[in-house]
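The values are calculated or read from the model by the stated rules, or taken from the named source; none is laboratory data. All figures in this text were calculated on a predicted structure; none of them were measured in a lab. Backbone-built Cβ (ideal geometry, glycine too); neighbour counts: all protein chains shown. For accessibility, only protein heavy atoms count, side chains too; no ligands or nucleic acids. Shrake-Rupley method; radii C 1.70, N 1.55, O 1.52, S 1.80 Å.
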Amino acid sequence: MVRVKRSQLREGCVLAEDVLGKTKRPIIPKNTVITKPLLLVLEKFLVEEVDVEPLLANGEPFPNVDSASTAAAKQPMAFYLEAVQRYKTWFQSWQAGLPVDIGEIRGVIISLFERMAGQKRELLMLHHYATKDEYLHHHAVSVGLLAGFLAMQLGYSEGECHQIALAGVLADCGMAKVSKRILTNPSALTEAEFNEVKQHPVFSYRMVQKIPALNHGAKLAVLQHHERNDGSGYPFGVKAERIHPYSQIVAVADVYHAMTSERLYRRKQSPFRAIETMQREQFGKLSTEAVAALVNNLIGLQTGAVVKLSNGEMAEVMFIPSDEPARPIVKIIETGQLLSLSVQRDIYIEEMVQG
């Protein structure tokens, strides 16, 4: 990490540590990408210095940081940001008609997965990095990491976890065959545009179907990651019995990251709000086992954890109900008031500050 003055910050800087206020409570959590409003927040709270990653969110080095110190300071998220930029170059090559270079992709992604697989906090914070303009590239790498992580939690072998991670990364490679106008459309898609987008799993499958380094399950996951157990998915509307287990894992990772990321025409949700929505709206559509692995192993709260609520208050987790793990009973740190988020439905957990 690099210690810098507030005046040196720019949009795209990534916080390497929580920013603490005068009361030593976090103002902005680590791994947050700095924006103009956040620069004003830091000024308002009289924060003079912060710790940032040596790379910006777009993968470029932080200005005035030499390459030697950058290499020495690299954190797992720096490798993630580099991988996103590598994916961007791959995507551009696919748009130009070049084939998928699975050797290069495997070298980058499996190395990254092995670094990140045990970093639950970093995996939980991935959604902070997906900017509107770079969403496609962040989404692909994040889905690969999350899918591999879920597979690991579900007891799959190392080799299978690698295959599932690669399937997650390549699931949207067929978006390179979709009109660039649609990919950069800042508003909601028309029916015709959405119908074109719905063909991307088929395009993706055609791009990977002859790659011997991917097994049959991984290729099916690329094709089926938008299928749903009740038959409501696409491109073929098949039901659970015809959906490969790898596909179901990638589907959960895909939905979760999409919901928690900032996109051109949709606001992001907090991970805890996304889980609630998935459990409610995707019931019967997504694998219950994979969703449970996400809830218990990635989102999983513990009593004593400090969280930031959607109303801006900090709270300590006191009790976690088994039926609604994202809505615990919390104690407001400033007042000592107990609050049941299961009852107070208009307030939810925005971020976990300290696990």
- [ ] Give K5/K30; K5/K88; K177/K239 a once-over and call out the pairs whose C-alpha atoms are over 20 Å from each other.
- [x] K5/K88; K177/K239
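Of the heavy-atom accessible surface of segment 120-163 (probe 1.4 angstrom), what whole percent is carbon and sulfur?
Looking at segment 120-163 in its full context, I get 48 percent from C and S.
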- [ ] Express the carbon and sulfur contribution to the solvent-accessible surface of segment 1-56 as a percent, rounded to the nearest whole number, probe 1.4 angstrom.
- [x] 54
- [ ] Leaving out ligands and nucleic acids, note down the accessible area per residue over the chain with a 1.4 angstrom probe, in whole Å².
- [x] 45
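Find the relative contact order for segment 176-332 and round it to a whole percent, using C-alpha pairs within less than 8 Å whose residues are 6+ positions apart. Intermediate values should be presented prior to the final figure.
Working: 191 pairs, mean separation 22.0, N = 157.
Dividing the mean separation by the residue count of segment 176-332 yields 14 percent.
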TODO: Give a residue-ordered list of calculated ³J(HN,Hα) values for segment 214-225 (Karplus: 6.51 cos²θ - 1.76 cosθ + 1.60, θ = phi - 60°; whole Hz; x for Gly, Pro).
DONE: 9, 7, 4, x, 5, 5, 5, 4, 4, 6, 10, 5
- [ ] Using only Cα atoms, tell me the angle between helix 76-95 and the longest principal axis of the chain; keep it within 0 to 90° and round to the nearest 10.
- [x] 30
TODO: May I ask you to evaluate 6.51 cos²θ - 1.76 cosθ + 1.60, the Karplus curve with θ = phi - 60°, for each residue of segment 300-305 and list the ³J(HN,Hα) values in order in whole Hz, giving x for glycine and proline?
DONE: x, 7, 10, 4, x, 5
TODO: Report relative contact order for segment 244-355 in percent, whole number only (criteria: Cα-Cα under 8 Å, sequence separation at least 6).
DONE: 23
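Based on the mean of other beta carbon atoms within 10 Å per residue, what is the order of 230-237, 214-221, most packed first?
Working: 230-237: 14.9, 214-221: 21.2.
Listed from highest to lowest mean packing, they are 214-221, 230-237.
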- [ ] In whole Hz, with x marking every Gly and Pro, tabulate ³J(HN,Hα) for segment 105-114 from phi via Karplus 6.51 cos²θ - 1.76 cosθ + 1.60, θ = phi - 60°.
- [x] 5, 4, x, 6, 6, 5, 4, 5, 4, 5
Task: Per-residue SASA entry for M318, accessible area with 1.4 Å probe, Å² rounded to 10 - done: 80
Open item on the list: Quick check: pseudo-label points 7 Å beyond the Cα along Cα→Cβ at R3 and K239, how many nm apart are they?
Closed with: 6.3
Open item on the list: Is there a quick way to get the dipole size of the chain? I mean about its Cα centre, with the Cβ of Lys and Arg at +1 and of Asp and Glu at -1; what is the value in debye to the nearest 20?
Closed with: 420
Task: Amide H within-cut-off set for L20, under 5 Å, with H built and near neighbours excluded - done: I27
Open item on the list: Of V295, H257, G97, which is farthest towards the positive pole of the chain's charge dipole, taken about the Cα centre with +1 and -1 on the beta-carbons of Lys, Arg and Asp, Glu respectively?
Closed with: G97
Open item on the list: How large a share of the accessible area of segment 261-354, in percent, is made up of carbon and sulfur atoms when the probe is 1.4 Å and the other protein chains stay in place?
Closed with: 46
Open item on the list: List the residues, sorted by chain then number, that are 5 or more residues from L55 or on another chain and whose placed amide H is less than 5 Å from its amide H.
Closed with: F62
Open item on the list: For K268, give me every one of the lysines with a C-alpha distance below 17 angstrom, ignoring sequence neighbours fewer than eight places off in its own chain.
Closed with: K132, K308
